[in-house]
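Heads up: the structure comes next, in structure tokens.
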Amino acid sequence: MTGSGSPCGACKFLRRKCVKGCVFAPYFCHEQGATHFAAIHKVFGASNVSKLLAHLPVSDRCEAAVTISYEAQARLQDPIYGCVSHIFALQHQVINLYLLYLFSCKFIETLIYLLLLVYLMVGFCF
Ligand SMILES: [Zn+2]
């Protein structure tokens, strides 16, 4: 129960009575929880997630619920790779930024070398 008498988002989605001590209630609010839980139920199954949360220490459950929700959303978008596709995209971005950084360093190094060369040539001319 969420405290206001309305079922939590998970129980609302599952169309069941939300009992006191519902394992989902602290992590799936009545308003938006049902939408998040729909993805979780489709990917992992409500029973499996219930067991998983119940076996975790209470202090870790919130982070686990957020992580499971994130992975479920990612699995719906990309059934093969899930959140790994996000990791690949971020790794690709890091590599591109690093290459840009290296190119910039090399460009600046070359520019300084050319300026020094021009300065020396001008210095020798006058
Ligand atoms: Zn509930």
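Just a few scattered comments:
- If you filter the stretch 25-50 down to residues that are closer than 23 Å to G82 by Cα and part of a loop (DSSP other than H, G, I, E, B), you find that the one that is nearest to the ligand (Cβ to nearest atom) is F28.
- Of all residues in the stretch 75-92 being part of a helix (DSSP H, G or I) and touching a helix residue (DSSP H, G or I) at 6+ places or on another chain (Cβ under 6 Å), the one that is surrounded by the most Cβ atoms within 10 Å (Cβ to Cβ): R75
- Any hit, the stretch 12-20, residues being in contact (Cβ under 8 Å) with a residue 12 or more places away in the chain, more than 9 Å from the ligand (Cβ to nearest atom) and surrounded by 13 or more Cβ atoms within 10 Å (Cβ to Cβ): yes
- Evaluation of L120 against (1) over 22 Å from C22 (Cβ atoms); (2) surrounded by 11 or more Cβ atoms within 10 Å (Cβ to Cβ) (one fails), failing number: (2)
Here's the yes/no breakdown for (1) more than 30 Å from V43 (Cα to Cα); (2) exposed (fewer than 12 other Cβ atoms within 10 Å of the Cβ); (3) not β-branched (V, I, T); (4) not assigned by TED's automatic domain parsing to the domain that holds A54:
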residue: A65; (1), (2), (3), (4): no, no, yes, no
residue: I68; (1), (2), (3), (4): no, no, no, no
residue: Q73; (1), (2), (3), (4): no, no, yes, no
residue: V94; (1), (2), (3), (4): no, yes, no, yes
residue: L99; (1), (2), (3), (4): yes, yes, yes, yes
residue: S104; (1), (2), (3), (4): yes, yes, yes, yes
residue: I108; (1), (2), (3), (4): yes, yes, no, yes
residue: L116; (1), (2), (3), (4): yes, yes, yes, yes
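- Checking each residue of the stretch 28-36 against the condition of being buried (at least 18 other Cβ atoms within 10 Å of the Cβ), modelled with pLDDT of 95 or more and out of contact with any strand residue (DSSP E or B) (no Cβ under 8 Å at 6 or more places or on another chain) gives no match.
- Screening H41 on (1) loosely packed, with under 15 Cβ neighbours inside 10 Å; (2) modelled with pLDDT of 95 or more shows it passes everything except condition (1).
The values are calculated or read from the model by the stated rules, or taken from the named source; none is laboratory data. It should be emphasised that the depicted structure is a prediction, and the values quoted were computed from it without experimental measurement. Cβ atoms come from the backbone with ideal geometry, glycine included; neighbour counts cover every protein chain shown.
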